[in-house]
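This report refers to the structure that appears directly beneath it.
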Amino acid sequence: MNAPDDSGPDPKNTGRNNIWVQVGRYSQLALVLPCATIVGWLLGTALDHWLNTSWISIVGLLLGSAAGLIEVIRTVQRDTK
């Protein structure tokens with residue numbers, strides 16, 4: 001008779017089941033989209049000042065928003081598997 005091996009890690013405290021890991025992942029979702037949007041806008045504004053234009057900040061805003069949205073979608077897809 002083999003006794004069950006209880007020396008392994010507790011499944012409640014590893015990987016996806018750990019509550020703090022889940023809190024970290026979902027708080028990331030709340031921060032990624034606005035941060036990416038702001039970074040895109042700031043980079044576009046800096047390029048506007050450097051190149052003496054007025055339209056690149058809007059492109060940076062759109063690209064930052066798209067990058068943040070793509071990252072949110074990737075994170076949600078990874079967590080739902």
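Each value in this text was obtained by applying a stated rule to the coordinates, not by laboratory testing. As the structure is a computational prediction, the values presented were derived from the model and not from experiment.
Structural remarks
- Residue-span extension gain [residue 49 to residue 80] - 0.36 nm each, minus C-alpha spacing: 6.9 nm
- In the range 37-81, the C-alpha radius of gyration followed by the widest Cα-Cα span (Dmax) gives 13.6, 47 angstrom.
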